[in-house]
1. Taking segment 14-55 only, how many residues are surrounded by fewer than 22 Cβ atoms within 10 Å (Cβ to Cβ) and of a type in the set (A, V, I, L, M)?
2. Has segment 184-207 got at least one residue that is within 15 Å of the ligand (Cβ to nearest atom), farther than 26 Å from residue 152 by Cβ, touching a helix residue (DSSP H, G or I) at 6+ places or on another chain (Cβ under 7 Å) and in contact (Cβ under 8 Å) with a residue 12 or more places away in the chain?
3. Can you pull out every residue in segment 98-109 that is within 16 Å of the ligand (Cβ to nearest atom) and more than 15 Å from the chain's Cα centre (by Cα)?
4. Take residue 239 and decide whether it is out of contact with any strand residue (DSSP E or B) (no Cβ under 9 Å at 6 or more places or on another chain) and more than 18 Å from residue 34 (Cβ to Cβ).
5. Would you mention how many residues in segment 227-241 are under 22 Å from residue 165 (Cβ atoms), touching a Pro at 6+ places or on another chain (Cβ under 9 Å) and surrounded by fewer than 23 Cβ atoms within 10 Å (Cβ to Cβ)?
6. Return the residue satisfying two criteria in turn: it lies in segment 210-219 and is over 13 Å from residue 7 (Cα atoms) and within 14 Å of the ligand (Cβ to nearest atom), and of such residues it is surrounded by the most Cβ atoms within 10 Å (Cβ to Cβ).
7. For residue 75, work out the one condition from (1) surrounded by 18 or more Cβ atoms within 10 Å (Cβ to Cβ); (2) in contact with a strand residue (DSSP E or B) (Cβ under 7 Å, 6 or more places away or on another chain) it doesn't fulfil.
8. Answer yes or no: is there a residue in segment 111-120 that is in a loop (DSSP other than H, G, I, E, B), touching a Phe, Trp or Tyr at 6+ places or on another chain (Cβ under 6 Å) and either within 15 Å of the ligand (Cβ to nearest atom) or at pLDDT 95 or above (or both).
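The values are calculated or read from the model by the stated rules, or taken from the named source; none is laboratory data. Just so it is clear, the model here is predicted, and its values are computed rather than measured. Here the Cβ is made from the backbone with ideal geometry for all residues, glycine too, and neighbour counts use every protein chain on show.
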Amino acid sequence: MPQRPYIVGNWKMHGTRAMLSEARAIDRAAQRHMKVEVALAPPYTLVHAVHREVEQIGVGAQDCHPAEGGAHTGDISAAMLADAGAKFVILGHSERRVDHGESNELVHAKAKAALDAGLRVIMCCGESDKVRTSGKAEKFVMDQLRASLPAMDDAGERLSIAYEPIWAIGTGKAATSEDVAQMHGAIRKLLIDMFGEEQGSEVRILYGGSVKPDNARELLGAAEVGGALVGGASLTADSFMGIALAAADLQEG
Ligand code: 13P
């Protein structure tokens, strides 16, 4: 793993203020492992509170609206997230693409808005079980990314990709390290094609889908894996930092 590994917790629709103690525990542990970049994306309602409670870890959100503001009841703009202390936003997660019918075009517009507001972007991609079985997973993911990613000249600094095969999310059935290495290699080629050698080779490509402390070392050790986007196992400091520790170990060789 040549770059500093990026271990991001996606709390999804979990967490009330009672969870702030976990965020503090994660932050304290992260201060002991500075070779790993640790971040949390809590639900909107906790973004500002987590931001105030932590010193070391990055804080982000799980979605934003593409408009700067306006008559959009129930929505949140990228500028509002930045104002609440968010430094990044996760976009194009399969749960949003499926539950809210988000198209590549909408995700593209959201990414532009997030970058304009000064946020970093974690762009998600990943195929369904049906697509994988049909043998078209790689083409599907490349098409999804090409259509979802906006042009930018500082991709290395402000963009990460999260490859999250849908069949591996919340199922306990992670992809094999061979499958991950193959897909991440294809994503790297696409990034270099879209953003040039210098920027494209700096973008960290995270794997997501049933990452746990006991499989983290193998998944994080696969070629072109620059970190992990973690759902269920990010909800407690113990399991989340188990994953960050595996990344730190690999970093130290
Ligand atoms: P799980 O780690 O719970 O499988 O979730 C992965 C995910 O969707 C992170 O965004």
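1. 7
2. no
3. Initially, segment 98-109 is screened for residues within 16 Å of the ligand (Cβ to nearest atom), giving 98-100, 102, 107.
Within segment 98-109, 98, 99, 100, 102 meet the criteria.
4. On the way: out of contact with any strand residue (DSSP E or B) (no Cβ under 9 Å at 6 or more places or on another chain): no; more than 18 Å from residue 34 (Cβ to Cβ): yes.
No, not satisfied.
5. The first filter runs over segment 227-241 and keeps only residues under 22 Å from residue 165 (Cβ atoms), leaving 227-235, 239-240.
The next check asks that each one be touching a Pro at 6+ places or on another chain (Cβ under 9 Å); those that pass are 227-228, 233, 239-240.
Keeping just the survivors that are surrounded by fewer than 23 Cβ atoms within 10 Å (Cβ to Cβ) gives 233, 239.
Going through segment 227-241 one residue at a time, the tally reaches 2.
6. Keep residues of segment 210-219 that are over 13 Å from residue 7 (Cα atoms), which gives 210, 214-215, 218.
Now narrow it down to the ones that are within 14 Å of the ligand (Cβ to nearest atom): 210, 214-215.
Working: 210: 22, 214: 12, 215: 16.
Checked segment 210-219; the qualifying residue surrounded by the most Cβ atoms within 10 Å (Cβ to Cβ) is 210.
7. That leaves (1) as the condition not met.
8. Here is the first cut: in segment 111-120, the ones in a loop (DSSP other than H, G, I, E, B) are 117-119.
Add one more test, that the residue is touching a Phe, Trp or Tyr at 6+ places or on another chain (Cβ under 6 Å), and what stays is 119.
Those still in the list that are either within 15 Å of the ligand (Cβ to nearest atom) or at pLDDT 95 or above (or both) too: 119.
Yes, some residue in segment 111-120 is in a loop (DSSP other than H, G, I, E, B), touching a Phe, Trp or Tyr at 6+ places or on another chain (Cβ under 6 Å) and either within 15 Å of the ligand (Cβ to nearest atom) or at pLDDT 95 or above (or both).
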